[in-house]
Amino acid sequence: IAQFTDLHYGEDEFTPWGPIQDKNSDHVMHSVLTAEKPDFVLFTGDTLTGNNIGSNATEYWKYVLGPCLQHDTPWAHVFGNHDDLSAEHGDRDTLMKYD
């Protein structure tokens, strides 16, 4: 089992720093999945910083889950206090339906 926590995708998405950190997290996940070949991935909260995301947070899920999907690795997620949608784009129920 591989566990990823506090990745905070989408944090400071409007600055150069934020997208660079997302790419760094993406690289680490790909590296871990390639090297370790886990049977399962567990995301344990604060995967997104949804309240900072100006666009729809579900778009970030496609990006976050990319490594698991590319490696055909099953996954599960436990929501943290930052895993939500911005006020303009729904609520946690909306995100859970997407998930």
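The values are calculated or read from the model by the stated rules, or taken from the named source; none is laboratory data. A quick note: this is a predicted structure, and the numbers were derived from the prediction, not measured. As a convention, Cβ positions derive from the backbone with ideal geometry for all residues, glycine included, and neighbour counts pool all protein chains shown. Side chains are part of the model used for accessible areas, which takes the heavy atoms of the whole protein and leaves out ligands, DNA and RNA. Shrake-Rupley method; radii C 1.70, N 1.55, O 1.52, S 1.80 Å.
Name the residues in the stretch 1-36 that are among the hydroxyl-bearing types (S, T, Y), touching a residue at least 12 places away in the same chain (Cβ under 8 Å) and open to solvent by 50 Å² or more (accessible area, probe 1.4 Å), would you?
Result: T5, T34.
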| task | Being of a type in the set (S, T, Y) and modelled with pLDDT of 80 or more is the filter; apply it to the stretch 54-74 and report the residue that is most open to solvent (accessible area, probe 1.4 Å). | result | Y63
| note | Out of (1) within 18 Å of H77 (Cβ to Cβ); (2) surrounded by 11 or more Cβ atoms within 10 Å (Cβ to Cβ), the one D39 does not meet is (2)
